[in-house]
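Here is the structure we will look at, set down as structure tokens.
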Amino acid sequence: MENNLLYICVAFLLAGLVKGVTGMGLPTVAMALLGLVMPPLQAAAILVVPSLLTNVWQMLARQGLYAVWLRLRPMLLGVCAGTLAGGALFGPGDGKAVLGCALVLYALLGLSSWRWRVRPEQEPWLGPVAGIATGILTAVTGVFVLPAVPYLQALEMDKEELVQAMGLSFTVSTMALAVLLARHGNWELAAAGMSFLAQLPALAGMALGGVLRAAMRPELFRRCFFVTLFLLGAHLAISAV
């Protein structure tokens, strides 16, 4: 792991930059880049501290957290259950092909104009389904955007509430992933130290992303972001075959 120190720092710098511009994407970009040089669960162990730190900050950036928690509680409990169940069912395997396919699907959804809406009466049963599916993918790949992010976007929250909801969802997913990694023995001293170190370039990237956000059209950056994810995901999936 020490041999990849510079690469890890650059990966988290870029991931933090994306999050600084778009408000999301740090775990996805970090896992996509780290997945090129190490197994997904090893990469996920490094991801824990930077992801938790940045998402707690995002979650607490506005008032109204308790109301968001009450609304999303069925989904978030499903995330925890799905993560633990996914770890028990699939074990700490490589998962590169699954990670690659998940990134490709996420990129295609982001590049498309397809949108859907969840009606209030659907939330009590659809939330747990989305949460469990997200948890299982988290356990296998270390990425927790699918189907959580499309589900949250379909709730038609206002912009600030959506950003807070994603921060809450990612925080819970990160904590569930940390528990899973500890159970499988992947949260070792070296990984923990690298995870604490990785928060520094991640925060620097977020600060730089905030500057770029004011100077760059969000639509252009978003398209570049999803095209890059598509290429990285395709490479991971093909190389794993």
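Would you order TYR7, TYR66 from fewest to most other beta-carbon atoms within 10 Å of each residue's own beta-carbon? Let's see the in-between values first.
Details: TYR7 14, TYR66 8.
So the ranking, lowest neighbour count to highest, is TYR66, TYR7.
Over the C-alpha atoms of the stretch 9-140, what are the Rg and the largest Cα-to-Cα span, Dmax, in Å?
15.7, 45
Magnitude of the Cβ-charge dipole of the chain, K/R +1 and D/E -1, about the Cα centre, nearest 20 debye? Each step should come with its number before you reach the end.
Numbers: 14 positive and 10 negative charges, 79 e Å.
Its charge dipole is roughly 380 debye.
Order 156-167, 46-57 from most to least packed using the mean count of other Cβ atoms within 10 Å. Mind showing how you got there, number by number?
Values: 156-167: 17.1, 46-57: 23.3.
Taking the mean over residues of other Cβ atoms within 10 Å, the ranking is 46-57, 156-167.
Could you estimate the translational diffusion coefficient of the stretch 102-241 from the Stokes-Einstein equation, with Rh from the Kirkwood formula over C-alpha pairs, at 25 °C and 0.890 mPa s, in whole µm²/s?
The calculation lands on 142 µm²/s.
Please list, ordered by chain and number, the residues whose modelled amide H lies under 5 Å from the amide H of PHE144; skip anything fewer than 5 residues away on the same chain.
Residues meeting the amide H criterion: none.
Evaluate the distance, in nm, between pseudo-label points positioned 7 Å from the Cα of LEU70 and of ARG183 along their respective Cα→Cβ axes.
3.1 nm
With runs of 4+ DSSP H residues as the only contributors, calculate the mean residue ellipticity of the chain at 222 nm using -39,500 (n - 2.57) per run, divided by the residue total and rounded to the nearest 500.
On the way: 10 runs with 190 residues, N = 241.
Using -39500 (n - 2.57) per qualifying helix, the result is -27000 deg cm²/dmol.
Give the peptides 197-204, 208-215 in descending order of average Cβ contacts within 10 Å, highest first. Each step should come with its number before you reach the end.
Numbers: 197-204: 19.8, 208-215: 13.5.
Ranked by mean Cβ neighbours within 10 Å, highest first: 197-204, 208-215.
Taking +1 at the Cβ of each Lys and Arg and -1 at the Cβ of each Asp and Glu, which of LEU26, PRO74, GLY110 sits farthest along the dipole of the chain towards its positive end, judged by Cα position relative to the Cα centre?
The listed residue farthest towards the positive side: GLY110.
Per the Kirkwood formula on distinct C-alpha pairs, the Rh of the stretch 2-240 is how many angstrom? Don't jump to the answer; show the numbers that get you there.
Values: mean 1/r = 0.0569 Å⁻¹.
17.6 Å is the Kirkwood radius here.
Taking amide H positions as placed 1.01 Å from N in the peptide plane, with prolines and chain starts having none, which residues 5 or more places from LEU155, or on another chain, fall under 5 Å of its amide H?
When sequence neighbours closer than 5 places are left aside, the close amide H contacts are VAL118.
With θ set to phi - 60°, apply the Karplus curve 6.51 cos²θ - 1.76 cosθ + 1.60 along the stretch 164-169 and write out the HN-Hα couplings as whole Hz, x wherever there is a Gly or Pro.
Result, ordered by residue: 5, 4, 5, x, 5, 4 Hz.
Computed from the coordinates by the stated procedures, all read-outs in this text should not be read as laboratory data. Just so you know, these numbers come straight off a predicted model, no measurement behind them. Backbone-built Cβ (ideal geometry, glycine too); neighbour counts: all protein chains shown.
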